[in-house]
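**Q** The structure is given below, and queries will be raised subsequently.
The values are calculated or read from the model by the stated rules, or taken from the named source; none is laboratory data. Owing to the predicted nature of the structure, the values given are computational and were not obtained by experimental measurement. Ideal geometry is used to build each Cβ from the backbone, glycine not excepted, and the neighbour counts take in all protein chains shown. Accessible surface is based on the protein model in full, side chains and every heavy atom, while ligands, DNA and RNA are left aside. Shrake-Rupley method; radii C 1.70, N 1.55, O 1.52, S 1.80 Å.
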Amino acid sequence: MVFKETGLRSGKGSRMPMPLGKQIFFAGVAASGGGAIVYYLVQKMFSRASYYQLALEQLHSHPEALEALGTPLNVHYLRLTDKYNFVDIADAKLKIPVSGPKSEGHLYVSSSRDAPFKRWNLQEVFLELKDGQQIPLFKPSRDNDEVKKE
């Protein structure tokens with residue numbers, strides 16, 4: 001009787017199967033790397049949005065806020081899991097972490113627009129320091145939609 005050889009071939013061109021543990025490890029590395037890239041891209045998307053940029057302009061042009069935080073200012077990534085951070089087609093609310101040499105806190109931003117693809121208009125921007133002090137930076141005036149800097 002002749003028996004056929006079964007199993008793995010040895011010699012040129014043969015490949016050893018990768019152990020399951022290594023497969024799981026490499027899949028985990030690939031998944032976490034992909035997750036990190038998505039997180040970075042979402043943060044970039046927020047930081048380039050006009051409502052975000054308009055709020056930072058208010059912070060950088062407000063002497064009392066700059067004095068309270070100290071310069072240079074550091075703007076940190078948003079906590080994407082924070083329930084305050086919300087953006088849809090017409091409204092945006094953000095809680096932007098900021099810090100300086102003297103203190104740290106959050107820049108609260110409320111913005112809206114009349115229709116999709118229209119300009120964003122700030123509704124309110126204020127800085128809340130870690131000690132609870134609030135510094136209003138922007139609020140629209142009640143008279144004929146003029147902008148009012150606090």
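**Q** Per residue of segment 77-89, what does 6.51 cos²θ - 1.76 cosθ + 1.60 with θ = phi - 60° give for ³J(HN,Hα)? Whole Hz please, x for Gly and Pro, Karplus curve as stated.
**A** Values per residue, Gly and Pro as x: 4, 5, 7, 5, 8, 5, 5, 5, 6, 8, 9, 9, 5 Hz.
**Q** How much length is gained on full extension from Asn74 to Lys118, taking 0.36 nm per residue of separation minus their Cα-Cα distance?
**A** Gain on extension, Asn74 to Lys118, equals 12.9 nm.
**Q** Starting from the amide H of Phe138, placed 1.01 Å from N in the peptide plane, find each other amide H under 5 Å away whose residue is 5 or more places distant or on another chain.
**A** Here Val125, Glu150 satisfy the definition.
**Q** Taking the simple approach of a point 7 Å from Cα along Cα-to-Cβ for both Asp82 and Val29, what is their distance in nm?
**A** Calculated label separation equals 3.4 nm.
**Q** In addition: Under 5 Å between amide hydrogens, which residues at least 5 positions from Gly70 or on another chain qualify, with H placed 1.01 Å from N in the peptide plane?
**A** Lys102
**Q** Which percent of Cα pairs goes in each bin when the distances of segment 28-72 are cut into 5 angstrom slices starting at zero?
**A** Binned Cα distances yield the sequence 5, 19, 15, 14, 14, 12, 9, 7, 4, 1.
**Q** In debye to the nearest 20, how big a dipole does segment 78-144 give about its Cα centre with +1 on each Lys and Arg Cβ and -1 on each Asp and Glu Cβ? Provide the component values of the computation, followed by the final result.
**A** Numbers: 11 positive and 9 negative charges, 20 e Å.
That gives segment 78-144 a dipole magnitude of about 100 debye.
**Q** Right, another one. Quick one: with all protein chains in place, what share of the accessible area of segment 55-117 is carbon or sulfur, to the nearest percent (1.4 Å probe)?
**A** Answer for segment 55-117 is 54 percent, counting heavy atoms of protein chains only.
**Q** Sticking with this structure for a sec: HN-Hα J couplings of segment 101-111 from phi, Karplus 6.51/-1.76/1.60, θ = phi - 60°, integer Hz, Gly and Pro as x?
**A** x, 8, 7, 9, x, 10, 9, 8, 10, 10, 9
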